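> Got a structure here, written out as structure tokens. Questions coming.
Only the coordinates and a few stated rules stand behind these numbers; no lab work does. Keep in mind that this is a model prediction, so the values were computed, not measured. Every residue, glycine among them, receives a Cβ derived from its backbone with ideal geometry; neighbour counts consider all protein chains shown.
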Amino acid sequence: MLRRFGKIMVVVAFLFVNIVNVEAKERVVSHIKLRDVTYSGENVIPRIKVFDQEGRRIPKKQYCMFFNGDTLNAGKVTVRVKGIRRVSGEASASYTIKKRNISSCQLSGIENHTYDGRKHDPNVRLTYHQYNVSYRLSYGDCKSIGKKKVKIVGIGNFTGTIYKNYKILPPPSRILTMTKSGTNVHLTLVKAAGGVKYQIGYKTKGKWKTKMVSGTHITINVKDKGKTSFKVRTRKNGVKSAWSAVKRV
């Protein structure tokens with residue numbers, strides 16, 4: 001009885017092993033699932049899932065992958081998967097390395113300048129991590145005093161547009177001399193280049209008052225008694241310099 005039972009168990013085990021082997025041998029690569037990726041400056045391979053004819057996931061050790069296309073730069077790449085180790089068949093699918101929008105890049109080098117009669121081209125530097133970014137730069141007059149705009153357009157592996165503003169500020173002025181005669185204060189200012197106007201700030205007490213003038217020799221009537229503080233800055237085309245140091249008389 002025991003011998004017969006043992007023989008039956010051996011037969012069952014043999015059949016089970018053969019069924020498993022047959023099942024393993026019959027697995028065939030059916031299709032691939034993958035997603036598009038975005039340019040990163042390095043070779044980009046998406047997460048790839050391979051399935052057999054019954055929709056079951058095939059482990060990585062049971063297939064090989066072959067890539068047709070540039071896996072570094074933006075464009076289309078085709079992946080071919082071939083089954084190995086008791087998995088047969090093959091399947092192909094494509095993914096796209098999309099251009100990276102420059103809004104996700106690091107921008108530096110755009111800063112204000114002070115008018116000196118020379119051109120001040122924006123010194124733009126655009127990077128993505130440690131990689132340089134390809135872009136086209138356009139801007140208008142970068143010499144005269146005023147507000148300026150820079151247009152940056154991604155090209156090559158990059159896309160998108162960024163607008164950045166900067167200013168060419170009027171050169172500063174300062175108070176050279178101050179003399180008081182009664183309620184009048186006579187000021188002499190340092191002449192600033194660029195055809196600027198001068199904004200005089202003054203106060204004896206309370207809030208600052210201001211006066212716009214074109215020349216560098218100004219007389220201001222101060223009605224309040226006591227010492228009066230003065231400062232000056234230049235203005236043109238909607239931009240202004242910093243205030244000068246305050247002087248009192």
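> Name the residues whose placed amide hydrogens come within less than 5 Å of the amide hydrogen of residue 31, ignoring near sequence neighbours (fewer than 5 apart) on the same chain.
51
> Add -39500 (n - 2.57) for each DSSP H run of 4 or more in the chain, then divide by its residues: what number comes out at 222 nm, to the nearest 500 deg cm²/dmol?
Numbers: 1 runs with 24 residues, N = 249.
Calculated mean residue ellipticity at 222 nm is -3500 deg cm²/dmol.
> Moving on to the next point. Along the charge dipole of the chain, Cβ charges K/R +1 and D/E -1, which of 206, 144, 126 sits furthest on the positive end?
Working it through, the farthest residue towards the positive pole turns out to be 206.
> Continuing with this model, one more query. With a cut-off of 8 Å between alpha carbons and a minimum separation of six or more residues, what is the relative contact order of the stretch 175-248 in percent?
Once divided by the residue count of the stretch 175-248, the mean separation gives 30 percent.
> Moving on to the next point. Can you give the local net charge around residue 179? Use residues other than it whose beta-carbon is closer than 15 angstrom to its beta-carbon, Lys and Arg +1, Asp and Glu -1.
Numbers: positive: 180, 227, 247, 248; negative: none.
Around residue 179, the charge tally is +4.
> Can you give the charge dipole size of the stretch 101-169 about its Cα centre, rounded to the nearest 20 debye, using +1 on the beta carbon of Lys and Arg and -1 on the beta carbon of Asp and Glu?
Roughly 180 debye for the stretch 101-169.
> Turning to a different aspect of this structure: Placing +1 on the Cβ of each Lys and Arg and -1 on the Cβ of each Asp and Glu in the stretch 175-248, which of 245, 189, 176 has its Cα farthest towards the positive end of the resulting dipole?
Of the candidates, 245 comes out farthest on the positive side.
> I need the calculated FRET efficiency for the pair residue 242 and residue 159, taking r as the beta carbon distance and R₀ as 41 Å, to the nearest 0.05.
0.55
> So how tilted is helix 2-25 from the main axis of the chain? Cα-based, degrees 0 to 90, rounded to 10.
40
> Net charge near residue 96, counting Lys/Arg +1 and Asp/Glu -1 over other residues with Cβ under 13 Å of its Cβ?
My count for the surroundings of residue 96 gives +3.
> In vacuo Debye scattering of the stretch 100-225, one point per C-alpha: log10 I(q)/I(0) at q = 0.10, 0.13, 0.17 Å⁻¹?
-0.53, -0.68, -0.88
> Another question, if that's okay. Using the 10 angstrom Cβ neighbour count as an exposure proxy, how do 27, 56 rank, fewest first? Let's see the in-between values first.
Values: 27 19, 56 10.
Fewest to most other Cβ atoms nearby, the residues stand as 56, 27.
> Using Cα-Cα distances under 8 Å and only pairs 6 or more residues apart, what relative contact order does the stretch 101-169 have, in percent?
Across the stretch 101-169, relative contact order equals 36 percent.
> Also, quick follow-up: Within 10 Å, count the other beta carbons around each residue, average over each peptide in 43-51, 134-142, and list them highest first. Please list the in-between numbers first.
Details: 43-51: 15.6, 134-142: 12.9.
Most protected by this proxy first, the peptides run 43-51, 134-142.
> At R0 = 35 Å, how high is the FRET efficiency between residue 92 and residue 136 if r is their beta carbon distance? Nearest 0.05 is fine.
0.45
> Evaluate the relative contact order of the chain (contact order divided by residue number), counting alpha-carbon pairs under 8 angstrom at least 6 apart; express in whole percent.
13
> Treat every Asp and Glu Cβ in the chain as -1 and every Lys and Arg Cβ as +1, leave all other atoms uncharged, and give the resulting dipole magnitude about the Cα centre to the nearest 20 debye.
Its charge dipole is roughly 1560 debye.
> The list (1) 82, 21, 10; (2) 29, 22, 18; (3) 37, 22, 17 gives values of semi-axes √(5λ) of the Cα gyration tensor in Å, and only one came from this structure; which label was calculated from it?
Answer by label: (1).
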